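Structure first, commentary second.
The values are calculated or read from the model by the stated rules, or taken from the named source; none is laboratory data. Predicted, not measured: the structure shown is a model, and the values here were computed from it. All Cβ positions, even for glycine, are placed from backbone atoms using ideal geometry, and neighbour counts span all protein chains on display.
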Amino acid sequence: MCTVIVRVPDDPRHPTRVLAVRDEDPEREWNPLGDWWPEAHPGVIGVRDVRAGGAWLAAAPDRGLLAVLLNRAEGHDLPESAVVSRGALPLAAVEGEAVPAAPRTRGFNLLTVGAAASVVTRWDGTAVHETVLGPGTHMVAHDDVDDPATGRIAAWLPAFAAAPLSATGDRAWWEDWFDVLAASTGDGASSDAAIVRDNRYLGIPTQSLLVCVAEVTADAVDVRYAELPAPGVWAHVHPA
């Protein structure tokens, strides 16, 4: 039930900007943004899932590549013994590897941001589909890109699109999007429109735990990380 907001610039010389909110079971241990795969993936940093060893978010700063994984509801007909962790996908993406034609995973949306394009790859358990994001602001959650049937996208995509993302003085560019996050908490973390979420009302043990912000250019990624003060609770954080 994670949420990602992406702004693709009109001019490809300008950075693509990303805000990612991670939802996960608070009891499932993770490592913060860091260099967790020095042998298998040198030069790659990310947020690591301790249990499976893969990444929720990964970046190769020297190659100007960023990838974020979001779970989908589909693809649950595989037997557990046949399922491969989705956490390998962001790591493969920032190494320039394509998604297999028939992944042995549960369903997912994989956002990959690079100089050539920003692409959402969708696996629904039946087929792999790619959506290239055009210039503008987009939202991705557990369904399709900019899906108006997803409550939080219908409620908040216009506000994210209207945010100027202007860095002035001590105010970083992401503060404008953080203002939208703060506004989105008015109906509570269990609202269908919530972005900072508590999904237990749906029978899912996940809650929003952390945020990452990133600027991606042709030859660099500036990605920053901050944990929320408590699961499913928004407070003004300072990504670093």
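Please state which one of L69, L89 is in contact with a Pro (Cβ under 7 Å, 6 or more places away or on another chain), touching a residue at least 12 places away in the same chain (Cβ under 8 Å), of a type outside the set (D, E, K, R) and not in a loop (DSSP other than H, G, I, E, B). After applying the criteria, what remains is L69.
Within the stretch 173-201, the residues that satisfy the criterion of being out of contact with any Phe, Trp or Tyr (no Cβ under 6 Å at 6 or more places or on another chain) and free of Cβ contacts under 8 Å to residues at least 24 places away in the same chain are E175, D176, D179, G186, D187, G188, R200, Y201. The C-beta contact set for the stretch 121-135 (first residue in contact (Cβ under 8 Å) with a residue 60 or more places away in the chain, second residue of a type in the set (S, T, Y), distance under 6 angstrom, 6+ apart or interchain) comprises L133/S118. Out of the stretch 203-240, which residues are of a type in the set (G, A, S), assigned to a strand (DSSP E or B) and under 27 Å from V94 (Cβ atoms)? Within the stretch 203-240, S208, A214, A220, A226 meet the criteria. Just one residue in the set R122, R200 is part of a helix (DSSP H, G or I) and on the phi < 0 side of the Ramachandran plot; that residue is R200.
Pick from the stretch 163-186 the residues that are assigned to a loop (DSSP other than H, G, I, E, B) and surrounded by 12 or more Cβ atoms within 10 Å (Cβ to Cβ): which of them is modelled with the lowest pLDDT?
Step one: filter the stretch 163-186 for residues assigned to a loop (DSSP other than H, G, I, E, B), giving 163-167, 169-170, 172-174, 184-186.
With surrounded by 12 or more Cβ atoms within 10 Å (Cβ to Cβ) added as a condition, the list becomes 163, 165, 167, 172-174, 184-185.
On the way: A163: 98, L165: 97, A167: 89, A172: 97, W173: 98, W174: 98, S184: 97, T185: 96.
Only one residue tops the list, namely A167.
Scanning the stretch 215-236 for residues that are surrounded by fewer than 16 Cβ atoms within 10 Å (Cβ to Cβ), in contact with a strand residue (DSSP E or B) (Cβ under 7 Å, 6 or more places away or on another chain) and either among the aromatic types (F, W, Y) or farther than 15 Å from G34 by Cβ (or both) yields one hit, D222. Checked against (1) farther than 26 Å from V119 by Cβ; (2) more than 16 Å from the chain's Cα centre (by Cα); (3) not hydrophobic (A, V, I, L, M, F, W, C), D176 passes all but condition (1). Taken together, the residues in the stretch 125-138 that are acidic (D, E) and buried (at least 16 other Cβ atoms within 10 Å of the Cβ) amount to 0. Restricting attention to the stretch 208-231, the residues that are closer than 17 Å to W56 by Cβ and not aliphatic (A, V, I, L, M) total 6. Evaluation of R104 against the conditions (1) surrounded by 20 or more Cβ atoms within 10 Å (Cβ to Cβ); (2) in contact with a Leu (Cβ under 8 Å, 6 or more places away or on another chain); (3) of a type in the set (K, R) shows that the sole unmet condition is (1).
Residues in the stretch 207-239 that are of a type in the set (G, A, S) and over 17 Å from the mean Cα position of the chain (by Cα): A218, A220, A230, A235.
When you look at A116, is it within 30 Å of T217 (Cα to Cα) and part of a helix (DSSP H, G or I), yes or no? No; evaluated as a whole, the condition is false for this residue.
Would you list the strands (runs of 3 or more DSSP E) that sit entirely within the stretch 4-57 and hold 3 or more residues that are at pLDDT 95 or above and more than 13 Å from the chain's Cα centre (by Cα)? Outline the logic, then answer.
Details: elements: 16-24, 30-34, 45-49.
Counting at least 3 such residues, we get 30-34, 45-49.
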